[in-house]
Amino acid sequence: MALFGRAVLVLVLALLAYSTLAGTYAALRGRRRLLASARNALVASFACTALAAGTLVVAFVRDDFSLTYVATHSSRQLPLSYTLAALWSGQEGSLLLWLLVLSGMSAAALILNRRLVADVLPWTVPILAGMAGYFAFIPNVVASPFATQVAPANGIGMNASLQNPYMMIHPPLLYLGYVGLAVPFAFAMAALASGRVDERWVVASRRWTLFAWTLLGVAILVGAKWAYESIGWGGYYAWDPVENAALMPWLGATAFLHSVMVQERKNMLRVWNVVLIALTFSLTLFGTFLTRSGVINSIHSFSQSSIGGWFLAFIAVVAIGSSVLILSRLRLLRTQAKLESLVSREAAFLYNNLLLVAFALTMLWGVAFPLLSQAVRGVPVTVGPPYYNFFLKIFGLPLLLLMGIGPLLAWRRASFRSLVRAARWPGAFALLVGGMLLFSGAGSSPPGLVAYTFSAFVMSAIVLEFVRGTRARKDDSMSWLGAFSSLLARNRRRYGGYISHAAVVLLAIGVVGSSAYGTTATKHLHAGQTMSVGGYSATYISTTLRHEANHDALRGQFALSYRGKDLGIVAAGKNHYNVEQFFSNAVGIHTDWLRAEDVMLIGDQFDKDGSVFLQIAVNPLIDLIWIAGGVFLLGSLVAMWPDAREERKLARRSLEVAAPVPA
Amino acid sequence: MSLLLVFVTALAAIGFVVLPFLRPPVAAVPDDPARVALLEERDRAVAALKELELDHRSGAISDGDYRALVGRLRREATQALRASSRTAT
């Protein structure tokens, strides 16, 4: 089994090396059959990587501890679902998953865009193959998942923090998001290398970027939900460097998705867009470097390893290579189109881009500064939540406001009077909400009050856009529902985007509510004693111990009530993973969906006399964060859904380009 | 057994890689960047006009802003249509 896995990985590396070299030659000399052969080699590399990954999964299922990776990440006691997820629970296996996702998405991108690649962007093949080749080199030479040893009687088990349903889907989603950004990057670089810097690479990249951006966003939220429910500290995002590593490229991709719209509509920002996608992809690589090199100590990172240097070299190749390509094509990229007014839709997109990129770079500095300080001065420095929270307010609040103002502006030029007229209803509603909140005591957090006022403005502007659009489409022969469906179907990107904006507003309300208005308290309780926080009361009843397949579950039982109303029994405690010799929190959560509020019970410490240190966190509006995830997914699906009218237009344009032009 | 499986896998992969050389070549589709730019300009101008009409009809854009933009957009669309059809005829 190990021999087969190793040999297939060598075959993958050979296929990708051929694809890179043959693809480069074919792109340089215009050899179409050689290019098709190079493309097939990349597709074959995906099939072979799937075989290698399948082999490793079989080894896990069969408890084949002669493979070092299996023995160090699984045990006979591990339930089957976690045994399957063990594939990506360590460095070597997760790199194999990365290669699988990258080769799979590359193959899909080349097949789905085969005409464009063959006729206009041949460089896409060697660029994607080169990147996949790097990720095939690592498991072949540096960190093999198929290294063998004398099989021990049992494995040492899986990291207990990962034995959680959310962690079964978080890493694959994250990889799909990270790796998905390689496709638009490859199209952009291929456009530069081929000298075809028109709109076609943007059109080809758009859906891939949306796909990667959506999955990365969902992965971040799933990771937050895992942190919230599994780690048991009452929060969901701690500005940990590895968490930031996923957020930075998401911000970059958000900026890119907005700025390519300006290129499509106004033929502007062409230099900016290639710079932005190169920066975004470099940020995904930097995030990967952070997680895998062992340079930072995080709950999310892998242990110290030797692959850090290889990653830094790869990041340097990507950064230098893309910079050289961009600089060499500057003349081609520049256009005559100019920003006509500072009050226009494209100007709003530009401000949005500047804020998003500034926030991403500020985060990058916060993540990199401790590493630089350690490397240069030998002094460990920590950049903590106050730094990030400060910049979140500085950049996040204007961004929130822009989401409401942008759609109210016309492309090219809007008069200030017209803007005031368009914003009068959302503005009045926002002021009303702000006033009511101030009156009800929400002024204790000024940034929170501002965020809620802006959120009300954006949400009402979005609703107004939908109402106006539906009304404009409706005629005597069409129902309101028909007009609404027709509006969505004919303007998927625009209205899908508005739905995503609504998700961001829900997220903002949830984040502000839970962080600015939350309450936490801790108390030492004996059986029968009660503690109260924010209207909730928890009475400690008893402690139970249950033996599960992979852990022992110690649970305190608490009778929960809200302002005297019985809410039932909530259990909170700890899990002890016997094989891994590890304790983890098992928090108890009661959700009030009507108010989107959680009360979280955390059994901090269980004493031998049967007493418990109980922490209670009341998190107002926190469930809006998870609801936002669903709305975000819906908005992305609407925006991504194929638009037959647009595809017909692009097909017609391709035919017009290909048609012979009489002299 | 493992070696046999590796051999079969490698053979299948190589067969797939050489497949394009066994098929007749497909002619390249001509690509003219200047023409592409004109067609893109034409589609952009038409799309901008359509979006302006929708925004005006829905009330998102005032009559004043509409009047200030529509004439220019129509002129640009007409010029772009003329330029793109000149290259095609």
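Bear in mind these aren't lab numbers, they're just calculated from the coordinates by the rules spelled out. Just so it is clear, the structure is predicted and the values come from calculations on it, not from any experiment. Please note: Cβ atoms are built from the backbone with ideal geometry, for glycine as well, and neighbour counts cover all protein chains shown.
A few points about this structure:
- Relative exposure of A:Trp98, A:Trp239, judged by other C-beta atoms within 10 Å (fewest first): A:Trp239, A:Trp98
- Inter-label distance for A:Met436 and B:Phe7, nm, one decimal - labels placed 7 Å from Cα along Cα-to-Cβ: 7.8
- Average other protein chain Cβ within 10 Å of Cβ, residues A:414-422: 4
- Sorting A:Thr254, A:Thr539, A:Thr124 from the fewest to the most surrounding beta carbons within 10 angstrom yields A:Thr539, A:Thr254, A:Thr124.
- The stretch A:562-606 residues near the modelled A:Thr530 label - backbone nitrogen below 17 Å, point 7 Å along Cα→Cβ: A:562-570
- Average projection, convex hull of the Cα set of the stretch A:164-225: 3.9 square nanometres.
- Other protein chain Cβ atoms within 10 Å, averaged over every residue that makes up B:51-59: 6
- Here B:Lys50 is the anchor, and the lysines within straight C-alpha reach of less than 22 Å, apart from those fewer than 8 places off in the same chain, are A:Lys266, A:Lys338, A:Lys474, A:Lys649.
- Label-point gap, in nm, between A:Ser542 and A:Arg114 - each point 7 angstrom along Cα→Cβ: 6.8
- Dipole of the stretch A:456-520, positive direction: furthest Cα of A:Leu481, A:Ala503, A:Val458, with charges on the beta-carbon: A:Leu481
- Over the stretch A:1-159, the ratio between the Cα radius of gyration and 2.2 N^0.38 Å evaluates to 1.16.
- Rounded Å value of the spacing that divides the Cα centres of the stretch A:123-186 and the stretch A:586-656: 26
- A dipole drawn for chain A from +1 and -1 charges on Cβ atoms has a positive end, and of A:Met268, A:Leu173, A:Ser445 the residue lying farthest that way is A:Met268.
- Charge dipole (the stretch A:510-663, unit charges on Cβ, about Cα centre) - positive-most of A:Ala571, A:Leu614, A:Gly629: A:Gly629
- Considering helices alone, the calculated mean residue ellipticity of chain A at 222 nm is -21500 deg cm²/dmol, with DSSP H runs of length four and up weighted by -39500 (n - 2.57) and normalised per residue.
- Each residue in A:Ile569, A:Ile405, B:Ile61 was given a count of other beta-carbon atoms within 10 angstrom of its own, and listing them fewest first yields A:Ile569, A:Ile405, B:Ile61.
- Relative to the Cα centre, the charge distribution of the protein assembly as shown, modelled as +1 at Lys and Arg Cβ and -1 at Asp and Glu Cβ, gives a dipole magnitude of about 3020 debye.
- For chain A, dividing the convex hull volume of the Cα atoms by the residue count gives 193 Å³ per residue.
- Each principal axis of the Cα cloud of the stretch B:50-89 was evaluated for its coordinate range; sorted largest first, these ranges are 40, 16, 7 Å.
- Over chain A, relative contact order from alpha-carbon pairs under 8 Å, at least 6 apart, %: 10
- Longest site-free stretch - chain A; sites: GluC sites (Glu not before Pro), DSSP loop, at most 16 other Cβ within 10 Å: A:1-339
- The Rg/Rh ratio of the stretch A:402-450, with both radii computed over alpha carbons and Rh defined as the Kirkwood radius, is 1.12.
- Dimensionless Rg/Rh of the stretch A:472-551 - Kirkwood Rh, Rg from C-alpha atoms: 1.36
- Principal-axis tilt of helix B:2-22 within chain B, Cα atoms, nearest 10 degrees: 50
- For chain B, projected area of the alpha-carbon convex hull averaged over all directions, nm²: 12.2
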